[in-house]
Each structure stands twice: as structure tokens, then as C-alpha cells.
Amino acid sequence: MSDSNTPDPNTSGAPVPPRPPLPDSGATGHPAPSTPGQAESGTPQPGNGWFAHAPQTAQHPQAAQHPQTAGHHAAGASFSAQPTDTHASRTTDAKVGSGKIVAVLVAAAIVGAVSGLGGAAIGNDMFAANGTSVVSQGSTTVTVNDPDTVNQTTGIAAKTLPSVVTISATSSSGGGTGSGVVLSSDGYVVTNTHVVTLDGASSDVALRVTTSDGKVYDATVVGTDPIYDLAVIKLTDATGLTPITFADSSKLNVGDTTVAVGAPLGLSNTVTTGIVSALNRSIQIASSAVPDSGEQQQDQGQNGESPFQFDFGQGQQGGSSSSGTISIAVIQTDAAINPGNSGGALVDDKGDLIGINVAIATAGGGSSSSSEAGSIGVGFSIPANIVKRVTDEIIADGSATHGLLGAMVGNAADAQDSDIAGALISDVTSGGAAAQAGLKSGDVVTEFDGVPVRDATDLTAQVRALAAGAKASLVYVRDGKTLSADVTLGELTE
């Protein structure tokens with residue numbers, strides 16, 4: 001994934017010049033000039049971004065100190081939905097209650113086609129100005145009071161909402177709410193492990209799932225993956241659900257527009273917008289559900305309390321104390337993600353899934369007060385490509401595998417004589433993946449599988465993102481020389 005920024009041509013505050021008249025393409029054969037402020041590639045410019053909130057779940061053990069994060073969780077998805085038919089008609093004959101609108105089923109394709117155009121243009125394409133104020137598509141409802149001024153986010157919301165659900169989890173030890181994303185029409189849904197286990201407090205949680213149109217289902221856990229905080233549940237006797245469509249999260253750019261959809265604070269069908277703030281980011285989070293693995297703990301390489309917390313949802317407190325930490329690779333976004341967004345969808349400007357919302361940063365470094373509750377513009381989502389791999393494995397086998405490097409690592413920048421950032425290898429396991437690749441104590445890994453490594457958390461997160469047995473390349477520094485190696489990962493065991 002690249003980490004480039006796309007500059008906003010209008011950040012200077014200078015007025016945008018009027019659109020020049022279109023040339024007669026029939027006479028010249030040349031295409032019309034692009035609209036000022038719109039990239040040549042057709043990529044939406046900053047300011048046109050869309051975000052969706054993540055679902056909420058049971059409270060974290062530190063929920064008392066972090067009331068804003070209590071009970072919220074995030075979930076992921078693994079099945080690819082059918083692609084939107086980009087050739088579908090944009091007629092205004094689709095029924096919406098007693099009114100008529102353009103078929104919202106093709107909202108994503110329409111939005112992509114009109115990227116950069118004004119709200120009126122999108123409104124004329126998508127919604128008929130017949131006095132209709134509510135637009136419905138399948139299992140979702142979107143309010144439109146002025147069809148002439150609807151924007152792209154309206155179309156994204158109409159496409160995404162049917163694929164996002166609200167999850168209620170209860171047990172004798174507590175309860176909470178979170179979100180989930182539909183993977184299949186027959187009821188497979190991805191969410192977070194911390195949602196369906198109340199952050200490790202219970203292995204026997206009763207789940208009730210509400211779809212965007214108000215239908216309620218019982219659900220059972222298919223499998224959990226505490227290493228990447230993902231879980232798959234199955235709705236009982238569900239049919240005709242709308243699966244999410246997956247995007248390729250490896251092709252994201254910093255500055256890409258995003259939309260978050262979920263149930264923050266229990267408010268289902270909530271939509272927020274933002275941009276991709278950073279890529280190739282890794283965070284370390286305390287988790288009561290993580291297996292007690294000695295190497296897992298030592299791989300983290302970070303000391304002190306993490307400012308990152310699961311965005312727990314409404315309800316009673318879940319897990320009582322953290323038994324460990326996990327390191328996960330994430331997409332950073334400034335879309336508003338609040339307690340209850342956990343497990344919800346982060347989608348792109350086509351309404352396709354780019355990530356599952358999982359955590360937020362707190363201003364108090366892990367000890368925030370109620371005055372600091374809620375979004376501070378720093379939220380995190382598990383990339384869709386990782387979500388798909390993990391959830392596919394869970395559905396097929398009941399669990400997911402994760403790579404193991406077979407090395408003890410720390411932060412190179414913490415060493416007194418260090419002049420480079422990276423993951424410092426302090427020891428290697430005999431016969432392990434690192435040893436077989438020729439790595440030694442004192443080597444500093446600076447890149448793994450094409451992703452920059454700046455500390456131990458980066459390396460651990462990237463290794464765990466891959467399946468057991470996966471092959472990867474890495475770059476390391478030894479005695480001032482930059483070298484490379486290929487590695488075949490082992491399997492992390494509990």
C-alpha cells in the first residue's frame with residue numbers, strides 16, 4: 001500500500017475559477033477539459049470524502065475510565081458480494097413507498113460515474129424530485145428532503161446500510177452493543193472478538209442481531225480470532241441479506257475518501273465521513289481475549305500504557321482485566337468512530353468495504369475522563385484484505401492461522417547506539433523461520449512484505465496478518481549494511 005498524499009488544489013483558499021465552456025467534441029475530437037479541482041484520474045478530491053461508523057459492543061475492562069469507549073466493537077467481513085451492475089438503468093421509475101426514485105441498487109456505480117460533480121447532478125441521477133422524502137432500497141431507509149441537492153454520501157449510505165447490522169451481546173457477567181457486516185445472504189456476519197466475548201469475559205454470550213430494516217435474529221458464534229480481534233457469527237434462519245462488496249485495501253492512498261457506517265452509542269444506521277489519514281500503521285491494544293503466549297507478549301516491544309482502546313459499546317462492563325496485548329495492522333481514519341462502532345464498516349467512495357472498525361485513540365493515554373469521551377479524529381480499521389483472509393478461514397475451519405517469525409524483537413530506536421528505526425532482533429528460535437532465513441541477533445528489520453517497519457509492533461502486526469506457512473520478503477540492516485531475505489513463516493500456536 002502506498003502512503004502518498006493527494007494535495008487538495010483548493011487548500012490555498014483562493015476562489016475556484018468558473019468551469020470553462022466545453023469544447024465541441026464532435027468538431028475537435030478532443031475530450032472536454034477536467035473540472036478545476038478534480039484529479040485527471042477521476043479520483044475524488046479531499047472534501048468529497050465519505051466515512052461509515054463501526055458497530056459497538058461490550059465494554060472494555062477500562063470502560064470505567066473510558067466511558068466513551070465502553071461497549072463498542074468493530075467487525076470484519078470475508079465474502080465478496082456480487083459486483084454492482086454498472087450498466088443498470090438510471091431510470092426514475094423505481095418505487096420508494098408511494099414515490100419514485102432512481103434504483104438505489106446502482107447507487108455505487110452512479111456515484112463513481114459522477115465523482116466530482118455537484119449535488120444537483122447526483123440528485124437528478126439518483127432521486128426524482130417528486131416530493132418524496134424517504135428513499136428505500138431493500139432493507140435500508142435514507143431520508144432525502146431535497147432531491148435536487150443530494151450528494152455522493154447519500155448514495156453510499158443507501159448501498160452500505162443494508163449490509164451493516166447492530167449486535168447485542170449479553171451474559172451473566174455483563175453486556176454491550178456493537179456492529180457487524182454481512183458476508184453472505186444466508187447470515188454470515190463479521191464482527192470483533194471483543195464484541196462477542198465481552199472482551200474475553202465470557203465464552204457463553206447470547207447474541208441478538210438487528211438489521212437496518214428492523215428485523216431481529218438470534219445468532220451463534222462460528223469462530224473467533226483474538227489475535228486480530230475478528231469473529232464470524234451466523235444469524236439463525238436468515239435469508240435474503242445483502243452482503244458487503246469488498247475492495248482491495250492494498251490499493252488505498254492517504255487522502256482517499258471514506259465512509260463509516262455502524263451504531264455508535266446504540267444509534268443504528270449512523271453514517272460519518274472522512275479520509276484515509278494514514279496507511280501502514282500498526283497499533284498495540286490490550287485484550288483480555290488474547291491467548292497467553294510468551295512469544296506473543298515479547299514480540300510487542302512496547303512498554304507503558306497504550307493510548308489505543310477498543311471502541312466498546314453501550315452496556316455493562318465486560319472483561320475485568322487484560323491478560324495481554326495484540327498488535328494489528330490498521331487503516332487510520334479521521335471519520336468519526338465512537339463507542340458502538342466496533343465491527344462496523346469503513347467503505348470507500350463506491351460503497352465497497354475497505355476496513356472493519358476496531359479501535360479509537362483516547363486523548364488521555366488510556367485514562368481519559370468522560371469529558372474526553374468519543375471521537376477525537378483518530379480511529380482505526382482492520383484492512384479488508386486481512387479481514388477477508390481471516391474470515392474465510394474461520395468459516396471454512398472454525399479458526400484462522402497466523403504467521404510466526406520465531407524471533408524475539410524490540411524497538412531499535414530504544415537502543416543507546418542505534419541510528420536507525422526498525423525492529424531489533426534480540427534472539428532467534430533455533431529452527432524457526434527467522435533462523436532459516438539467516439537472521440541473527442542484532443539485525444534490525446526495516447521492511448516486511450513491502451511494508452515499512454519502524455518498531456516491534458509494526459513487525460509483529462505484519463507477521464500476524466499473514467497466514468501460517470506464508471512466504472514473505474524482508475529487508476534488514478546488519479553492521480551498517482542493508483540486506484534482504486525471503487522467509488517462510490511458521491504458525492503461531494496458543
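The residue that is nearest to the chain's Cα centre (by Cα), among those in the range 327-363 that are surrounded by fewer than 24 Cβ atoms within 10 Å (Cβ to Cβ) and not in a loop (DSSP other than H, G, I, E, B), is Q332. Residues that are among the hydrophobic types (A, V, I, L, M, F, W, C), part of a loop (DSSP other than H, G, I, E, B) and touching a helix residue (DSSP H, G or I) at 6+ places or on another chain (Cβ under 9 Å) within the range 443-469 comprise V453, L466, A467, listed in sequence order. Of all the criteria given as (1) without any contact (Cβ under 8 Å) to a residue 60 or more places away in the chain; (2) touching a helix residue (DSSP H, G or I) at 6+ places or on another chain (Cβ under 7 Å); (3) under 17 Å from L483 (Cβ atoms), the one not satisfied by A423 is (1).
In the set (1) under 25 Å from S381 (Cα atoms); (2) outside any strand (DSSP E or B), the condition left unmet by G431 is number (1). Pairing each residue of the range 261-286 that is without any contact (Cβ under 8 Å) to a residue 24 or more places away in the chain and under 27 Å from G324 (Cβ atoms) with any residue that is surrounded by 23 or more Cβ atoms within 10 Å (Cβ to Cβ) and of a type in the set (S, T, N, Q), provided the two are 6+ apart or on different chains, yields no C-beta distance under 6 Å. Just so you know, in the range 166-187 the residues that are modelled with pLDDT of 90 or more and either assigned to a loop (DSSP other than H, G, I, E, B) or over 23 Å from the mean Cα position of the chain (by Cα) (or both) include one that is surrounded by the most Cβ atoms within 10 Å (Cβ to Cβ), and it is L183. Quick check: is even one residue across the range 229-237 modelled with pLDDT of 95 or more, of a type in the set (S, T, N, Q), farther than 22 Å from L346 by Cβ and assigned by TED's automatic domain parsing to the domain that holds N357? Among the residues of the range 229-237, at least one is modelled with pLDDT of 95 or more, of a type in the set (S, T, N, Q), farther than 22 Å from L346 by Cβ and assigned by TED's automatic domain parsing to the domain that holds N357, which makes the answer yes.
The values are calculated or read from the model by the stated rules, or taken from the named source; none is laboratory data. Values in this document were obtained by computation on a predicted structure and should not be read as measured data. Here Cβ is always computed from backbone atoms with ideal geometry, including for glycine, and neighbour counts include all displayed protein chains.
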